[in-house]
Amino acid sequence: MPTALLSVSDKTGLADFAKGLHDLGWNLISTGGTAKALRDAGLEVRDVSDVTQFPEMLDGRVKTLHPAVHGGLLARRDSPEHMAAIAEHGIAPIDLVAVNLYPFRATAARKGARPEDVIEQIDIGGPSMLRSAAKNFASVTTIVDPTDYQRVLGAFRAGGGDVDLRRHLAAKVYEHTAAYDASIADWFAGQHHDPFPDRICLPLEKAQSLRYGENPGQAAAFYKEIDTGGLSDLRQRGGKELSFNNLLDLEGALLATEPFGDEISCAIIKHTTPCGLATGTTPLDAYRKALACDPISAFGSVISFSTPVDDATAEAVSSLFVECVVAPAFSGGALEILGRKKNLRVLEGRARWAPGALDYKRVRGGLLAQQRPQAPMDDSAWKVVTKRQPTAEERRDLLFAWRAVASVKSNAIVLARDGATIGIGAGQMSRVDAAFLAVHKAALGGHETAGCALGSDAFFPFRDSIDQAADAGVRAVVQPGGSVRDEEVIAAADEHDMVMIFTGVRLFRH
């Protein structure tokens, strides 16, 4: 009779699975709480301590770490020497292991969890059994995911000789234990506040397969960081399945509205950078102001709202071809209105970065890791470097422009007035080109640039951009400063009676 060893923390589906094995003639071995759950379900089960002839000890820390267990798992059935060796020592083969691990991640994520409690949730015996069984997948079935129980029972009922299934389950084991160990390593690094440990292990799991990547010829999938939320926390309330590019643009959209906190704001995103961004007295007001920046580019966009969307805003948005709309919440009427657009993806919720999360950028052969930039929320550290001081209205426009430019691809220039972008120059190879493009886009949209504010994500290396901005009527500029030609740039601003503020912070977004 084949033997199964069952030892699970998550007991979902356990009793039905064990009953299915029992009905197929399997012997059941188990430990502690799992054995009790099986007996409570009316099943006959043998304790691991009976197999090992050694009691569980050290508060359960030692129970399966024994040759009687690992010999039964690791012995190759096609090796007469292996089978003779375990027979000599009275060890019986174990043909199936179903183990899921102590809830380390859930415990570590619990607010106020004590380090000693977290450490107790580091599973030792479970990963050891899984790894032993998975190594011997040619003969042993390993299950780490309760959703696989019925699939395995089906294979056994059909004859049980599916080595491809056992190989697939073994791969899941090593993926699972690697992610488990990565979470433990990350927790230990956090205990001594080291954001850049010698080795970074990213515990990722597939959230969904995607139809294709950036282009139809590229296969793709979305992997999420385990137990850290983010985009996977958003609830899709309507529309087609999200695409690779939708997810990228959603990240850009949330990045654009993030600096405005709970202030009513709207960002319209194309290719991960804003083509319109505004604050307003209502979501509809913010949307209209954002759309007015560049209504042509808004076609096929992704739109983010920082506050709930009401019926009137939904009606306005539904008149434009939009790929996705994301907001913390939607009124019932808004969902019904947006739902009329069968292809419009509607995402509800708040997708936040985990505290201390790093920003990764893929390069061939590795990853670049950096701390995430702080969203530019206030003007407390600003320094006015020109002769003229800003008016209260100019300072408000400059603060908006500074928050807005943070989400625009570098080189980035934003023109702003009254809590809205009126021209955006993004992704240019020179700053003067970015300034020219921002002015050009403002003119295309019919916006008057005289008296507006300008935000730049990095310093001006020459005065040419300031002269160009002055020609367009820009009256106030906010930028990081730090160029070797700062004095020349400041002098140009003074010549044009402009206000210039240095923030001391660069906002590159590559």
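Readers should treat all values here as calculations from the given coordinates under stated rules, not as data from a laboratory. Worth saying up front: this structure is predicted, and the values here are computed from it rather than measured. Please note: Cβ atoms are built from the backbone with ideal geometry, for glycine as well, and neighbour counts cover all protein chains shown.
Send over the semi-axes of region 235-348's equivalent ellipsoid, whole angstrom and largest first, taken as the square roots of 5 times the C-alpha gyration tensor eigenvalues.
Details: eigenvalues 60, 51, 35 Å².
For region 235-348, the ellipsoid semi-axes come out as 17, 16, 13 Å.
Over region 362-448, what is the relative contact order in whole percent, taking alpha-carbon pairs under 8 Å and six or more residues apart?
Numbers: 104 pairs, mean separation 16.1, N = 87.
Relative contact order comes out at 18 percent.
Specify the angular offset, from 0 to 90 degrees and rounded to the nearest 10, of the alpha carbon long axis of helix 486-495 from the longest principal axis of the alpha carbons in the chain.
40 degrees
Per residue, how much space in cubic angstrom lies within the convex hull of the C-alpha atoms of region 383-502?
Numbers: hull volume 9.9 nm³, N = 120.
It is 83 Å³ per residue.
Give me, ordered by chain and number, the residues 5 or more places off Ala476 or on other chains with an amide H under 5 Å from its own placed amide H.
So Ala476 has HN proximity to Leu454, Val499.
Report, in deg cm²/dmol and to the nearest 500, the calculated mean residue ellipticity at 222 nm for the chain, where each DSSP H run with n ≥ 4 adds -39500 (n - 2.57) and the sum is divided by the residue count. Mind dumping the intermediate values first?
On the way: 18 runs with 189 residues, N = 510.
That comes out to -11000 deg cm²/dmol.
Read phi for every residue in region 347-360 and hand back ³J(HN,Hα) as whole Hz from Karplus 6.51 cos²θ - 1.76 cosθ + 1.60, θ = phi - 60°, with x for Gly and Pro.
10, 10, x, 10, 9, 10, 6, 5, x, x, 4, 8, 9, 10
Would you report the distance distribution of C-alpha pairs in region 3-191 as whole percents per 5 angstrom bin, up to the bin with the largest distance?
With a bin width of 5 Å, the distribution comes to 1, 8, 16, 19, 21, 17, 10, 5, 2, 1, 0.
Based on alpha-carbon centroids, what's the gap between region 422-454 and region 263-297 in Å, whole number please?
16 Å
Which entries in Lys409/Lys441; Lys63/Lys224; Lys111/Lys409 show an alpha-carbon gap greater than 25 Å? Provide the component values of the computation, followed by the final result.
Values: Lys409/Lys441 16 Å; Lys63/Lys224 34 Å; Lys111/Lys409 36 Å.
Too far apart for the 25 Å limit: Lys63/Lys224; Lys111/Lys409.
Using θ = phi - 60° and the Karplus curve 6.51 cos²θ - 1.76 cosθ + 1.60, what whole-Hz ³J(HN,Hα) does each residue of region 234-245 get, with Gly and Pro shown as x?
6, 9, 7, 9, x, x, 5, 4, 5, 9, 3, 5
Could you tell me, in Å, what Rg and Dmax come out for the Cα atoms of region 133-200?
Every Cα atom of region 133-200 included, Rg and Dmax give 16.7, 53 Å.
From the phi of every residue in region 462-473, what ³J(HN,Hα) in whole Hz does the Karplus formula 6.51 cos²θ - 1.76 cosθ + 1.60 yield, where θ is phi - 60° and glycine or proline is x?
9, 7, 4, 5, 5, 4, 5, 5, 4, 4, 7, x
What is the helix-to-structure angle for 14-23, meaning the angle in degrees between its Cα long axis and the longest Cα principal axis of the chain, kept from 0 to 90 and rounded to the nearest 10?
30 degrees
Neighbour counts of other C-beta atoms within 10 Å: give me Phe17, Phe188, Phe305 arranged from fewest to most. Numbers along the way, then the final one.
Numbers: Phe17 22, Phe188 15, Phe305 25.
Starting with the residue having the fewest Cβ neighbours, the order is Phe188, Phe17, Phe305.
Under a cut-off of 15 Å between alpha-carbon atoms, report the aspartates and glutamates in cross-link reach of Lys341, not counting same-chain residues fewer than 8 places apart.
Cα-Cα hits under 15 Å: Glu241, Asp311, Glu315, Glu323.
Angle between the Cα long axis of helix 283-293 and the longest principal axis of the chain, 0 to 90 degrees, nearest 10?
60 degrees
Which entry is the computed Kirkwood radius over Cα pairs in Å for this structure: (i) 26.7; (ii) 25.7; (iii) 24.7?
(i)
If contacts are Cα pairs under 8 angstrom and at least 6 residues apart, what is the relative contact order of the chain in percent? Before the final figure, lay out the partial values.
Details: 1036 pairs, mean separation 43.5, N = 510.
That works out to 9 percent.
Within 10 Å, count the other beta carbons around each residue, average over each peptide in 63-69, 441-447, 195-201, and list them highest first. Write down the numbers at each step before the final one.
Values: 63-69: 19.4, 441-447: 17.0, 195-201: 11.3.
In descending order of packing, they fall as 63-69, 441-447, 195-201.
Could you please rank Arg352, Arg395, placing first whichever residue has the fewest other Cβ atoms within 10 Å of its Cβ? Don't skip to the answer; put the middle values down first.
Values: Arg352 13, Arg395 19.
Lowest to highest Cβ neighbour count: Arg352, Arg395.
Against the empirical 2.2 N^0.38 Å scaling, what ratio does the C-alpha Rg of region 442-503 come to? Let's see the in-between values first.
Numbers: Rg = 11.3 Å, N = 62, 2.2 N^0.38 = 10.6 Å.
For region 442-503, the normalised Cα radius of gyration is 1.07.
Give me the net charge of Asp457's neighbourhood, meaning all other residues with Cβ under 15 Å from the Cβ of Asp457; Lys, Arg count +1, Asp, Glu -1. List each step's numbers first, then the result.
Details: positive: Arg403, Lys409, Arg431, Arg506, Arg509; negative: Asp433.
Net charge around Asp457: +4.
What's the center-to-center distance, using Cα atoms, between region 480-497 and region 366-385 in Å?
First find each Cα centre; the distance between them is then 21 Å.
Sort Trp402, Trp187 so that the residue with the fewest other Cβ atoms within 10 Å of its own Cβ comes first and the one with the most comes last. Before the final figure, lay out each step's value.
On the way: Trp402 28, Trp187 18.
Starting with the residue having the fewest Cβ neighbours, the order is Trp187, Trp402.
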